[in-house]
Amino acid sequence: MTIRTWLEQQQGKERRYLTWFSIGATLFFAGTGIMLFADQRLIPSLTQELVVLAGLCLAIAGAFTAACGYLMLTLLRVFYRRTNDD
C-alpha cells in the first residue's frame with residue numbers, strides 16, 4: 001500500500017485529526033503551565049524538578065500529538081480529490 005492510497009482511505013476522517021490536534025495543543029499548554037507554575041511557586045528542590053519533569057513530559061506528548069494531527073490535516077488537504085465534477 002502506498003502513502004497516496006492510504007491517504008485516500010483517510011479522506012473523510014478530518015474530524016479525527018482535528019481532535020488529535022486540539023487534544024495535543026491542550027496537553028502542550030497544560031504541560032507548559034505546569035512548568036511555569038513550578039518555576040514561579042515552588043521552592044528549588046527535588047520536588048520542583050520532578051514537577052517540571054512531569055510538565056515537560058506532558059508538553060512533549062502534547063506537541064507530538066498536535067504535530068501528528070496537524071500533519072495529517074495538511075496532507076489530507078494537499079492530496080484532496082474532489083468527489084464531484086464541479
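No value in this document is a laboratory result; all are computed from the given coordinates. This one's a predicted model, so the numbers in the text were calculated from it and none came from an experiment. A quick note on method: Cβ atoms are made from the backbone with ideal geometry, for glycine too, and the neighbour counts reach across all protein chains shown.
General remarks:
- Residue satisfying condition, being within 19 Å of the chain's Cα centre (by Cα) and of a type in the set (A, V, I, L, M, F, W, C), within set Leu36, Leu73: Leu73
- Beta carbons closer than 6 Å, at least 6 apart along the sequence or on distinct chains, pair a first residue in segment 53-82 that is over 16 Å from Thr26 (Cβ atoms) and in contact (Cβ under 8 Å) with a residue 24 or more places away in the chain with a second that is hydroxyl-bearing (Ser, Thr, Tyr) and crowded, with 16+ Cβ neighbours inside 10 Å for Met72/Tyr17; Leu73/Tyr17.
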